[in-house]
Amino acid sequence: MKHRPGNQFASDNYAGICPEAWQAMAEANAGFATSYGDDPWTARACNALRDFFETDCEVFFAFNGTAANSLALASLCQSYHSVICHETAHIETDECGAIEFYSNGTKLLTVSGQDGKVDLDAVEHTVKKRSDIHYPKPKVLSITQATELGTLYTPDELVAVHGLTKRLGLKLHMDGARFSNALAALKVPPKELTWRAGVDVLTLGGTKSGMAFGEAVVFFDRQLANEFDYRCKQAGQLASKMRFLASPWLGLLQDDVLLCHANHANRCAKKLSEGLASIPGIKLVHPTEANAVFVQIPQNVIDALHTRGWVFYTFIGSGHCRFMCSWATTDEDIETLVRDMRDVMGKEPGF
Ligand SMILES: *Cc1c(COP(=O)(O)O)cnc(C)c1O
């Protein structure tokens, strides 16, 4: 694989298309096919996702996560409702108001919580503190799995989340942009993290798992999918050559490919996390449970790493440095970064 730029840990969406997704797209590229999703690849991809989740869910394909999240949440809400989410949730911090836009005004209400996970008491407080007509009526809890801070809701924590949403009469949405990483780390069947845990709608990430683009919106409560196809079309999310949005799923869902790539990314993050934590002066700021590593390092070290060509984010969540691994990360990338970090830390004053 030529032209793969090294020196980057910015995001798992910096990686290219994994070979299996690429191959599946190539197969779908043979000849003509019906447009707008009435093609055999789309039908097969929907069925593959039903098999994956072991249930008869409704499946739609959108171009990206912002659209998938927004349209999914819009379908759960009226304009006067509210969606409760963590203050670091992608829907709150990184979607440019798309939820509010597509839902014609549904308001996001944020809560805090350790390591990117919503605090359930805070959720309850947010729902119960007002019951009057002047407050945007809480309707949905949206959680992210794996979280924006690289942590996971364990199956037990999901049971508690479900208990609360049931008690409070909230729908449960899951932003699964990195669902595959959560699945690989928690080693349970997909159904245990979704419909068995009360998830009504899942936004399932394809892009960060190795596809070129594309997320699936999976309705476990099929009634909620009523007229969702119109929502997608109106929002510009109905691909006319849908087979290219759908077929990569066939590549990822065969032979556990999705899990293998996610396992690889998680293993890389673990290795990087251990390597960085062994350097004096470096502090991990969140546990490394999926494919992200968050560390606190001095600004002069950040600058020195940038000078050496390393690319990583410093604006996610608490504003620490995030190093993200993907299916395409190599052991050599990790070893070189750890070596450079050790070198830079040794040279900078104060360490
Ligand atoms: C990347 C990501 C998305 C999707 O982002 P798009 O750029 O809109 O595809 C959604 N949620 C989370 C948590 C993400 O990390």
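The values are calculated or read from the model by the stated rules, or taken from the named source; none is laboratory data. Remember, it's a predicted structure, so these values are computed and weren't measured experimentally. With ideal geometry, Cβ positions are generated from the backbone for all residues, glycine too; neighbour counts draw on all protein chains shown. Side chains included, ligands, DNA and RNA excluded: accessible areas come from the protein's heavy atoms. Shrake-Rupley method; radii C 1.70, N 1.55, O 1.52, S 1.80 Å.
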Exercise for the section: State yes or no: is GLY275 at pLDDT 95 or above, among the small types (Gly, Ala, Ser) and within 30 Å of PHE32 (Cα to Cα)? Expected result: no
Fill in the blank from the handout: Going through (1) part of a loop (DSSP other than H, G, I, E, B); (2) touching a strand residue (DSSP E or B) at 6+ places or on another chain (Cβ under 9 Å); (3) modelled with pLDDT of 95 or more; (4) among the aliphatic types (A, V, I, L, M) one by one, ALA10 fails only at (3)
Fill in the blank from the handout: Note on the range 286-296: residues open to solvent by 10 Å² or more (accessible area, probe 1.4 Å) and out of contact with any Asp or Glu (no Cβ under 9 Å at 6 or more places or on another chain) are GLN296
Exercise for the section: Tell me which residues, restricted to the range 42-51, are of a type in the set (A, V, I, L, M, F, W, C) and either open to solvent by 40 Å² or more (accessible area, probe 1.4 Å) or over 15 Å from PRO248 (Cβ atoms) (or both). Expected result: ALA43
Practice task
Only residues that are aliphatic (A, V, I, L, M) and open to solvent by 10 Å² or more (accessible area, probe 1.4 Å): list them for the range 186-196, please.
Solution key: LEU186, VAL188
Completion exercise
Condition set touching a Pro at 6+ places or on another chain (Cβ under 9 Å) and open to solvent by 20 Å² or more (accessible area, probe 1.4 Å), scope the range 52-78, selection farthest from the ligand (Cβ to nearest atom): answer is GLU54
Exercise for the section: Go through SER131, SER142 for me and flag whichever is of a type in the set (Gly, Ala, Ser), open to solvent by 60 Å² or more (accessible area, probe 1.4 Å) and not assigned by TED's automatic domain parsing to the domain that holds ASN291. Expected result: SER131
Exercise for the section: Sort out which residues of the range 171-185 are over 15 Å from the mean Cα position of the chain (by Cα) and open to solvent by 10 Å² or more (accessible area, probe 1.4 Å), and write them in order of number. Expected result: LYS171
Completion exercise
All-but-one check, GLY150 against (1) on the phi > 0 side of the Ramachandran plot; (2) more than 16 Å from the ligand (Cβ to nearest atom), failing number (2)
Handout entry: Search result, residues across the range 311-343 that are among the aromatic types (Phe, Trp, Tyr), part of a loop (DSSP other than H, G, I, E, B) and either in contact with a strand residue (DSSP E or B) (Cβ under 6 Å, 6 or more places away or on another chain) or at pLDDT below 95 (or both)
Key = PHE312, PHE315
Completion exercise
For the range 168-220, the count of residues that are assigned to a strand (DSSP E or B) and of a type in the set (Val, Ile, Thr) equals 4
